[in-house]
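Working notes, structure below.
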Amino acid sequence: MEAEPALWPPVFMEERGNWTGKLDFLLSAIGYAVGLGNVWRFPYLAYRNGGASFLIPYVIMLIIAGLPLFFIELAVGQFASQGPITVWAMAPAFMGIGYAMIIISAVVSIYYNMIITYAIYYMLVSFVHLDDDLPWENCGQAWNDKNCRDESYPRLEDLPRENATRALWKDMYNKTCTEELFKSSTWNELDKYTEFIDKFITTSNSSYDLTYFNTTTDNITDDIKWEVVTDMDSFSTCKWPWESPSQQYWSRYVLQVQDSPDLADLGNISLKLLITLVLAWLLIFGCLMKGIKTSGKVVYFTATFPYVILIVLLVRGLTLDGYEDGIEFYVVPEWEKLKKAKIWGDAATQIFYSLGIGFGGLLTMASYNKFRNNCYRDAILVAFINCGTSIFAGFAIFSLLGHMAYVTGQKVKDVATSGPGLAFVAYPDGISRLPASPVWAFLFFFMILTLGMDSQFAMMETVISGISDIFPRYLRKNKTPFTFICCVIGFLLGVPQCMDGGIRVLTLMNDYSGSYNLMVVALFEIICLCYVYGFNTFREDIEMMIGFKPGPYWIVNWVAITPAAVIFIIIISAIQYEVSGYDGQAFEPWAEGIGWAMVGVPIAVMVLVMLIQVLRLGLYKSFTPTESWGPSLPEDRTGRYSPIHTEFTDTQALPYILDGKQDPPPSYNGQGGYDNPAAAEKYISERL
């Protein structure tokens with residue numbers, strides 16, 4: 001099933017390499033863990049789940065699920081110095097975990113680089129308009145329609161009541177729609193609408209009853225106070241369909257999604273996005289062409305620059321009118337929400353995805369560490385920096401959203417959103433209202449670019465290193481061309497996302513490709529290392545690297561709490577499952593089937609590889625370590641990992657394997673090779 005690595009790497013085989021600087025790995029891990037989700041997902045989840053009260057389940061889930069799994073992946077990768085497939089030699093039946101990681105990372109890389117493409121495009125547009133207005137500042141552009149609105153909404157609370165009511169129907173709500181909703185027979189559903197009717201009667205000082213609502217021909221809306229309408233979400237369907245200039249620039253010009261009715265008809269290819277996608281993949285190739293030797297240096301900038309921009313944006317945001325409304329909306333706790341399972345599910349899911357568990361990126365990056373590196377310290381440091389960044393980013397984001405709500409006359413909840421809607425609609429709209437807006441826009445999208453690149457580096461390196469470790473003799477010495485081939489394949493598979501309906505493809509891949517399967521991968525990791533291989537043996541391996549065994553906290557979590565937490569996340573995710581869709585339109589059943597195929601294939605591969613290994617090696621051998629399992633360098637193979645038998649002390653020489661053959665191993669010539677290279681290669685391929 002796999003090509004097992006030699007017991008000691010031979011001299012003439014291309015080495016995997018190591019990080020060249022002490023901070024290379026730490027910054028790469030921080031850059032990988034701190035990604036787009038910290039900026040465009042965490043703040044939104046926090047406000048939606050009770051502000052500061054969300055931090056309680058968030059930190060708890062970090063402690064019982066995120067950190068234990070994070071440390072597991074760093075420790076096993078560093079110990080064996082192998083990629084995500086060959087590292088599972090401690091139990092060959094679980095090598096399917098590596099294949100699943102590569103599949104997930106490969107699929108996610110395809111759409112993730114499209115997000116980077118959007119960031120590059122917006123960044124370039126901002127740069128071109130440094131001396132001009134941004135194209136999404138005002139209506140009146142060729143792509144705008146009659147629903148475009150660049151005027152601020154009226155602040156009803158600041159107007160006389162008569163004027164406020166007039167503004168309510170003119171600028172915010174459709175009066176006819178509201179009237180029809182009042183007279184709808186649905187008001188007979190008392191359990192759903194009693195609270196609303198009571199509030200309406202109280203606010204309007206009315207003696208109306210349900211019979212009146214359902215039978216009167218009077219214009220009920222004439223008696224409604226605007227507070228009733230704006231406070232009730234039931235009337236959201238009656239809002240005028242205004243769209244901001246940034247919304248229409250994003251959907252009608254950048255995406256041109258109006259020309260694609262659904263996934264079955266993706267429309268035409270956008271040349272501007274296609275060319276930008278080429279630039280994005282060339283950028284990734286340039287940073288990965290020499291492996292960690294290049295990406296390890298690039299992260300010194302890409303991992304630190306986002307913090308500079310976040311600080312600048314926060315300082316600027318705290319000087320704007322209305323910022324306190326945004327901050328209050330973000331942090332004011334709602335303790336009663338802690339009683340709901342949803343807040344715990346959201347916290348667990350966010351921790352899981354934010355730390356990058358199950359993708360193989362952590363394991364791959366750790367495999368380039370020196371054997372004695374303190375991965376225990378790194379795991380704790382990176383995990384808490386990641387969570388701290390999420391909280392800090394929330395203040396920067398919501399200070400500007402508060403200002404945006406202030407100047408547009410809306411509520412913070414009406415401008416707060418997550419995902420691409422925040423990065424390419426809400427935040428650009430807020431930035432466009434600042435002095436020197438093109439400069440701020442350029443810096444913001446440059447930050448989005450650097451946040452995305454770090455994560456993309458790790459996922460692509462997972463794919464490249466994982467495959468290279470299976471065929472080291474051919475691929476390691478051809479690292480650059482193989483990386484180029486992978487990038488070309490990624491580009492070709494990303495072309496459909498450059499079409500008019502490409503955002504639908506991206507949404508489908510985002511919602512399914514890295515979802516339940518990541519949790520199942522994490523569960524398999526725990527079962528393999530803590531139950532099959534044995535958590536005590538794993539602790540002893542860690543002791544060889546860092547000098548001490550992980551304590552009771554790690555044992556309790558690995559053995560019981562963390563698996564339970566992962567199962568909890570799977571159950572909550574299943575309960576909360578909804579069919580994916582875009583812009584309120586659910587995807588067709590066949591598209592949902594493709595989505596579930598993206599979920600199921602990695603899981604099926606893990607099961608299939610396990611069955612093949614059991615048939616190939618037998619039940620016992622497939623669940624016990626192979627002879628190649630252990631530290632990769634000879635000087636690190638001490639204790640139970642020391643060679644079975646040798647008749648020499650030269651660490652460059654080949655090991656003498658007692659396999660019933662009497663021929664001694666080829667001798668080392670002391671000049672970087674062997675006296676008989678052909679015989680040495682044959683010896684390695686046949687006997688190691």
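The table that follows gives values for the structure above.
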{"item": "For residue 284: the one exception among (1) at pLDDT 85 or above; (2) under 24 Å from residue 120 (Cβ atoms); (3) in contact with a Lys or Arg (Cβ under 8 Å, 6 or more places away or on another chain)", "result": "(3)"}
{"item": "First in segment 50-62 and buried (at least 16 other Cβ atoms within 10 Å of the Cβ), second anywhere and at pLDDT 85 or above and β-branched (Val, Ile, Thr), Cβ under 7 Å, 6 or more apart", "result": "50/343; 54/343; 57/343; 58/351; 61/351; 62/351"}
{"item": "Residues (in contact (Cβ under 8 Å) with a residue 24 or more places away in the chain and outside any helix (DSSP H, G or I)) located in segment 273-319", "result": "289, 290, 291, 303, 304, 318"}
{"item": "Single unsatisfied condition, residue 295 versus (1) over 30 Å from residue 583 (Cα atoms); (2) surrounded by fewer than 20 Cβ atoms within 10 Å (Cβ to Cβ)", "result": "(2)"}
{"item": "Checklist (1) of a type in the set (Val, Ile, Thr); (2) modelled with pLDDT of 90 or more; (3) in the same structural domain as residue 57 (by TED's automatic domain parsing); (4) outside any helix (DSSP H, G or I) applied to residue 601, failing item", "result": "(4)"}
{"item": "Residue 322 being in contact (Cβ under 8 Å) with a residue 40 or more places away in the chain, farther than 29 Å from residue 20 by Cα and touching a Leu at 6+ places or on another chain (Cβ under 6 Å)", "result": "no"}
{"item": "Per-region count, segment 497-518, residues more than 13 Å from residue 257 (Cα to Cα) and touching a Leu at 6+ places or on another chain (Cβ under 8 Å)", "result": "1"}
{"item": "Pairs with Cβ under 9 Å, 6+ apart, first in segment 479-495 and more than 19 Å from residue 295 (Cα to Cα), second surrounded by 20 or more Cβ atoms within 10 Å (Cβ to Cβ) and of a type in the set (D, E, K, R)", "result": "none"}
{"item": "Residue within segment 239-249 that is at pLDDT 80 or above, of a type outside the set (Gly, Ala, Ser), touching a helix residue (DSSP H, G or I) at 6+ places or on another chain (Cβ under 7 Å) and surrounded by 13 or more Cβ atoms within 10 Å (Cβ to Cβ) present", "result": "yes"}
{"item": "Some residue of segment 351-363 being touching a Phe, Trp or Tyr at 6+ places or on another chain (Cβ under 7 Å) and of a type in the set (Phe, Trp, Tyr)", "result": "no"}
{"item": "Residue within segment 270-293 that is over 20 Å from the mean Cα position of the chain (by Cα), under 30 Å from residue 252 (Cβ atoms) and of a type in the set (Ser, Thr, Tyr) present", "result": "yes"}
{"item": "Checklist (1) modelled with pLDDT of 85 or more; (2) closer than 30 Å to residue 18 by Cβ applied to residue 313, failing item", "result": "(2)"}
{"item": "Leading residue by the ranking (farthest from residue 115 (Cα to Cα)) among those in segment 388-438 that are at pLDDT 85 or above and in a loop (DSSP other than H, G, I, E, B)", "result": "435"}
{"item": "Selection status of residue 83, among the small types (Gly, Ala, Ser), closer than 27 Å to residue 485 by Cα and touching an Asp or Glu at 6+ places or on another chain (Cβ under 9 Å)", "result": "yes"}
{"item": "Residues (under 21 Å from the mean Cα position of the chain (by Cα), over 27 Å from residue 592 (Cβ atoms) and modelled with pLDDT under 90) located in segment 465-515", "result": "465, 466"}
{"item": "Failed item, numbered, when residue 333 is tested on (1) at pLDDT below 90; (2) assigned to a helix (DSSP H, G or I); (3) within 20 Å of residue 397 (Cα to Cα)", "result": "(2)"}
{"item": "Only listed residue being surrounded by fewer than 19 Cβ atoms within 10 Å (Cβ to Cβ) and either out of contact with any Phe, Trp or Tyr (no Cβ under 7 Å at 6 or more places or on another chain) or not basic (Lys, Arg) (or both), chosen from 407, 382, 415, 463", "result": "407"}
{"item": "Segment 384-421: number of residues that are in contact with a Gly (Cβ under 7 Å, 6 or more places away or on another chain) and not hydrophobic (A, V, I, L, M, F, W, C)", "result": "4"}
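To keep it simple, each residue is scored yes or no on (1) surrounded by 22 or more Cβ atoms within 10 Å (Cβ to Cβ); (2) farther than 30 Å from residue 583 by Cβ; (3) in contact with a Lys or Arg (Cβ under 9 Å, 6 or more places away or on another chain).
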residue: 471; (1), (2), (3): no, yes, no
residue: 492; (1), (2), (3): no, no, no
residue: 496; (1), (2), (3): no, no, no
residue: 499; (1), (2), (3): yes, no, no
residue: 508; (1), (2), (3): no, no, no
residue: 529; (1), (2), (3): yes, yes, no
residue: 538; (1), (2), (3): yes, yes, no
residue: 555; (1), (2), (3): no, yes, yes
residue: 562; (1), (2), (3): yes, yes, no
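For (1) farther than 30 Å from residue 538 by Cβ; (2) among the aromatic types (Phe, Trp, Tyr), each residue gets a yes or a no:
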position: 37; (1), (2): no, no
position: 40; (1), (2): yes, yes
position: 60; (1), (2): no, no
position: 64; (1), (2): no, no
position: 76; (1), (2): no, no
position: 95; (1), (2): no, no
position: 107; (1), (2): no, no
position: 115; (1), (2): yes, no
position: 118; (1), (2): yes, yes
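For (1) touching a residue at least 60 places away in the same chain (Cβ under 8 Å); (2) out of contact with any helix residue (DSSP H, G or I) (no Cβ under 6 Å at 6 or more places or on another chain); (3) over 22 Å from residue 570 (Cα atoms); (4) crowded, with 23+ Cβ neighbours inside 10 Å, each residue gets a yes or a no:
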| residue | (1), (2), (3), (4) |
| --- | --- |
| 345 | yes, no, no, no |
| 361 | yes, no, no, yes |
| 364 | yes, no, yes, yes |
| 388 | no, yes, yes, no |
| 398 | yes, no, yes, yes |
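The values are calculated or read from the model by the stated rules, or taken from the named source; none is laboratory data. Since this is a predicted model, take the numbers as computed values, not measurements. Glycine gets a Cβ as well: all are built from the backbone with ideal geometry, and neighbour counts include every protein chain shown.
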